[in-house]
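Working notes for the structure below.
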Amino acid sequence: MTYRYSDLFHRNKQNPILTAGDWPYPVNSVFNPAAVLLKDGTTLLLCRVEDRRGHSHFCAARSANGIDSWKIDDKPTMLADPEHYPEEHWGIEDPRITYVPELNKYAIVYTAYSRDGPGVALAFTEDFVNFERLGVIMPPEDKDAALLPCRIDGQWAVIHRPVSAPRAHMWISFSPDLQNWGGHKMMMEARRGAWWDANKIGLSPPPIETSQGWLVIYHGVRQTAAGCLYRLGLALFDFDHPEICLRRGDEWVFGPQEPYEQHGDVGNVVFPCGLTVAADGDTVNLYYGAADTSIALAIGSINSMLQWLEQQSRKQAIIA
């Protein structure tokens with residue numbers, strides 16, 4: 001008998017769906033896009049675009065079906081602004097988008113690459129043309145961050161990944177005004193030893209709000225003899241107390257296996273920063289950077305992910 005692992009994500013046959021060759025101006029690579037479903041049903045990807053200096057900016061790509069026929073802004077949508085924000089000296093990277101109903105705005109949390117390393121920065125927009133920067137909210141070294149769409153007990157909350165060498169864990173912090181942050185709490189610890197997510201983990205797309213809590217897709221980094229290997233896992237957190245992890249899968253659920261994921265500027269990387277949820281409330285379009293070179297799409301199901309976590313929980317109870 002042949003045993004198969006659960007296939008929670010299915011790659012689009014057109015992958016990669018966006019490459020540097022699609023861009024209307026010269027770029028080195030496009031990857032790690034934030035994603036949002038706009039009110040008119042259009043999918044917008046805010047793509048990380050790297051030039052041949054190695055510096056990144058953001059450029060928007062729009063599609064009616066979220067798969068093809070992308071319309072790409074003919075110039076950078078959001079450039080680094082080191083003159084006014086010196087923390088963006090070496091570019092801006094890896095955005096995550098959250099729509100905030102209370103503000104009627106989109107929050108963009110991104111990595112500002114300063115002379116002292118990567119930090120977490122926050123900006124808002126209503127139209128992805130004009131941007132209101134709030135600057136760095138978490139100093140270096142910190143990244144892999146997203147804002148929750150609603151207040152938690154009256155406080156805004158941001159998930160992020162500070163580095164405490166040689167390990168890096170997922171944390172959550174709180175703010176009354178989106179500028180002053182405190183109440184820092186560890187959400188989830190990187191495991192040790194031979195685990196696929198030992199020593200270094202981080203948030204991938206913003207959490208998905210479900211009836212059971214916040215569903216989180218996160219990445220784990222394994223150091224191998226051939227270099228780093230980036231794969232994805234799942235966890236579930238309490239809705240009212242998101243620092244409390246309710247379930248965490250032991251196994252990774254999605255990893256690099258296709259040539260466009262294994263070979264590129266940084267091989268063996270699948271790294272999603274964004275997803276959209278379809279009108280059925282279940283189907284997920286997961287947009288990810290492949291080998292730090294192109295953008296690919298995988299389809300998943302919220303219900304299937306929650307069921308998988310429940311199965312993992314039962315398996316862990318048996319082993320314990």
Which pairs have Cβ atoms under 8 Å, sit 6 or more apart or on different chains, and link a residue in the stretch 221-249 that is on the phi > 0 side of the Ramachandran plot to one that is of a type in the set (S, T, N, Q) and buried (at least 20 other Cβ atoms within 10 Å of the Cβ)? Gly227/Asn268
Take the residues in the stretch 107-142 that are polar (S, T, N, Q) and buried (at least 19 other Cβ atoms within 10 Å of the Cβ); name whichever of them is nearest to the chain's Cα centre (by Cα). Thr111
Evaluate the stretch 214-224: report whether one residue or more is within 19 Å of Glu141 (Cα to Cα) and more than 16 Å from the chain's Cα centre (by Cα). no
Within the stretch 104-135, considering residues that are polar (S, T, N, Q) and either in a strand (DSSP E or B) or touching a strand residue (DSSP E or B) at 6+ places or on another chain (Cβ under 8 Å) (or both), the one farthest from Ile92 (Cα to Cα): Thr125
Residues located in the stretch 264-278, provided they are part of a loop (DSSP other than H, G, I, E, B) and either among the polar types (S, T, N, Q) or over 18 Å from Ala298 (Cα atoms) (or both): Gly264, Asp265, Val266, Gly267, Asn268
Just one listed residue, out of Phe271, Phe239, is aromatic (Phe, Trp, Tyr) and under 15 Å from the mean Cα position of the chain (by Cα), and it is Phe271
Under 6 Å between Cβ atoms, which residue pairs at least 6 apart in sequence (or on different chains) link something in the stretch 96-125 that is touching a residue at least 40 places away in the same chain (Cβ under 8 Å) and closer than 19 Å to Phe174 by Cβ with a partner that is crowded, with 17+ Cβ neighbours inside 10 Å and of a type in the set (Ser, Thr, Tyr)? Ala107/Thr98
Contact list please: Cβ distance under 6 Å, first residue in the stretch 146-171 and assigned to a loop (DSSP other than H, G, I, E, B), second residue among the small types (Gly, Ala, Ser) and modelled with pLDDT of 95 or more, pairs at least six apart or on different chains. Leu148/Ala157; His169/Ala190
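The values are calculated or read from the model by the stated rules, or taken from the named source; none is laboratory data. As the structure is a computational prediction, the values presented were derived from the model and not from experiment. Here Cβ is always computed from backbone atoms with ideal geometry, including for glycine, and neighbour counts include all displayed protein chains.
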